[in-house]
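Data block below; observations after.
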Amino acid sequence: MEKKLISLIMAGGKGARFWPLSRENCPKQFLNIGGGDSLLARTYRRALLVSKNIPPYIAAADDQLPLVLCHCGAEIEREQVITEPLPRNTAAAIYWSCLKISQDHDDGIVAVFPADHQIGDDNLFIETIQRAAAAAEHSGGIVVIGIRPKYIATGYGYVERGRKVEIDGCSYYKVRRFVEKPHREKARRYLKKGTYNWNSGIFVFTLKNIFHFYQEHLPEMVAAFTPMKDAIGTESEKDVLYRIFSELPSVSFDVGILEKSKNTAMVETHFPWDDVGSYNSLGALLDDDENGNIKSGNIITKDMKNSVIIADNRLVAVMGLRDVVIVEDHGVLLVCPRKRVEEIKEIVASLEGDNLNYL
């Protein structure tokens, strides 16, 4: 019997590299950059296409619950949103979410989607997730979706693929290793070699097996959540969960589980994809002009090239610059070179005192 497919959307991030557009009261995944629906709403619609008979679950922070319910439409139920009281990174968020999901489903295949990605081909996306589900059931491991690289990219993590495995008309690869964001020369070599894929951050695994992986690689986290077995669904659930999260370390799913597993697989795909990780990714959401500039708002430019200029409610006039990011939003003006957008999160981390109002 074919296992049911369960979608889990990770919506708890803060989107610090998109500050000042992304703030604590409205992080990046809730923004409607370029008009239309927010990134979360688009992800939710895609998840509905993948798991038609099971409403998608969404992992988010406690204070993001109203935003999640607002952006996902009238059909979403409160029970679909799994909230966490404190930010403790993706390993804790996924484990807690799977515990909650297991209360409703004895088993199934879980597909984990970041809430802030842009994907341009729904049909190919559905077909890819179906292949990944088959690979997860066949391999018994975690399956990552690997995007076929199209150009030299230093902003993505990479997956080096190994031996190919054929199963019932589709295939997957054994993962040889994961590589963090490389410098340009190394990324060029990866593209030329042809055995590396971009790590999309989309993971697929069976619900039963994921608990074994946590027990093997993060046993302390499993032990910390032991009190929740009796607390889920009771009046004490919220208090017990807060005590657990307050003592957990911050560990990502990639570092804590994925990179440690010896039975990780990859399904390759080529759907149009961008993780919308920084202002340099806005080309996935907004069209550029004849000079390579991406503009939104009341903007006047002269002799500008390859820049990002966004204005909230003021006229912004810019002249004679190249490769810069200029963002004006709710009392904040950000100006930086495009090559340094990754450092914006360091500015956000440094805000204190009176400047906390701008988080």
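Read the figures in this text as sums done on the coordinates, not as results from a lab. No experiment lies behind these values; they were computed from the predicted model shown. A quick note on method: Cβ atoms are made from the backbone with ideal geometry, for glycine too, and the neighbour counts reach across all protein chains shown.
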Degrees between helix 184-193 axis and first principal axis of the chain (Cα, 0 to 90, nearest 10)
50
In whole percent, what relative contact order does the chain give with Cα contacts below 8 Å and a gap of six or more residues?
19
At R0 = 30 Å, how high is the FRET efficiency between Asn53 and Ile232 if r is their beta carbon distance? Nearest 0.05 is fine.
0.80
If you project the alpha carbons of region 287-358 onto the principal axes, what extent comes out on each, in Å, largest first?
41, 26, 21
Run through region 250-359 and list the trypsin sites (Lys or Arg not before Pro) located in a DSSP loop whose Cβ has at most 12 other Cβ atoms within 10 Å.
Lys262, Arg314
Once the convex hull of the C-alpha atoms of region 212-269 is built, how many Å³ does it hold per residue, rounded to a whole number?
120
Kindly flag which residue pairs out of Lys174/Lys262; Lys14/Lys345; Lys181/Lys339; Lys150/Lys260; Lys208/Lys262 have an alpha-carbon separation exceeding 19 Å in this structure.
Lys150/Lys260
Between region 279-343 and region 1-62, how far is it from one alpha carbon centroid to the other, in angstrom?
25
How many nm separate the modelled label positions at Glu346 and Arg177, each set 7 Å beyond the Cα in the direction of the Cβ?
2.7
Report, to the nearest 10°, how far helix 89-104 tilts away from the longest principal axis of the Cα atoms in the chain, using its own Cα long axis and a range of 0 to 90°.
50
I need the Debye-formula profile for region 234-359: one equal scatterer per C-alpha, no solvent, reported as log10 I(q)/I(0) at q = 0.10, 0.16, 0.21 1/Å, two decimals.
-0.56, -0.96, -1.20
Along each of the three principal axes of the Cα atoms of the chain, give the extent in whole Å, ordering the values from largest to smallest.
62, 51, 35
Segment Asp323-Lys4, length gained on full extension (0.36 nm per residue, minus Cα span)
110.1 nm
Region 126-143 - phi-based ³J(HN,Hα) in whole Hz, Karplus 6.51/-1.76/1.60, Gly and Pro as x
4, 4, 5, 5, 5, 5, 5, 5, 5, 5, 5, 6, 6, 7, x, x, 8, 10
Using only the Cα atoms of region 119-159, build the gyration tensor, take square roots of its eigenvalues as a ≥ b ≥ c, and label the shape rounded, prolate or oblate: rounded if a/c is under 1.5, else prolate if a/b is larger than b/c, else oblate.
oblate
Ignoring GluC sites (Glu not before Pro) that are buried or in helix or strand per DSSP, and keeping those with at most 12 other beta carbon atoms within 10 Å, what is the longest stretch of the chain between them?
78-179
